[in-house]
């Protein structure tokens, strides 16, 4: 609710001429140097060592992931394109696949055998009583228990679809 209100305030300031505003929205980040994300170091670290990779929710649900360099490029393009100002945009992402398929592709590129395990809500809820960061994951778990697909079609119509192919993005992340 806080983020939604912040956007409404910024949008109102834009409409009144006080500010020029544009927002770039993304899904869960991954890429070189990304540590604290649903698929950051806690995902890629074990994956590259052939250890068990634990993910929140159901790994067989569709989930959109955002490659950080694509997000950066989208923010620059949005900031330089006046007709995009005054609204929020979903940035380009590679086609949405399941978390399992994402992990399988990463493991294949890393040359390891995938050992993937979904973590159910009840386990996260228990752990969240002691670890504040896990408590926040429980609040957002709906994104991993049901399909979570981000559509960037409106952005692509104006600024193009410059999403890095997933195999290239994963190779750079693992690099």
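Some notes on this structure:
- Kirkwood-Stokes translational diffusion coefficient of the chain, alpha-carbon pairs, 10 °C, 1.306 mPa s, µm²/s: 91 µm²/s
- Using distinct alpha-carbon pairs, which all enter the 1/r mean, Kirkwood radius of the range 17-81 in Å: 13.9 Å
- Euclidean distance between Cα centres, the range 45-110 to the range 129-175, Å: 4 Å
- Degrees separating the helix 2-15 axis from the principal Cα axis of the chain, which is the longest one: 20 degrees
- Taking every DSSP helix (H) stretch of at least 4 residues in the chain, weighting each as -39,500 (n - 2.57) and dividing the sum by the residue count yields a mean residue ellipticity at 222 nm of -13500 deg cm²/dmol.
- Which of 137, 158 has the fewest Cβ neighbours within 10 Å, and the rest in rising order: 158, 137
- Approximate shape of the range 57-155 as ellipsoid semi-axes (Cα gyration tensor, √5λ), whole Å, largest first: 30, 19, 12
- Peptide packing for 61-69, 4-12 was compared via the average number of neighbouring C-beta atoms within 10 Å per residue; ordered from the highest value, the list is 61-69, 4-12.
Each reported figure results from applying straightforward, stated rules to the coordinates on display, with no laboratory input. On a predicted model such as this, the values are computed, not experimentally measured, just so you know. Cβ coordinates were reconstructed from backbone atoms using ideal geometry, including for glycine residues, and neighbour counts include every protein chain displayed.
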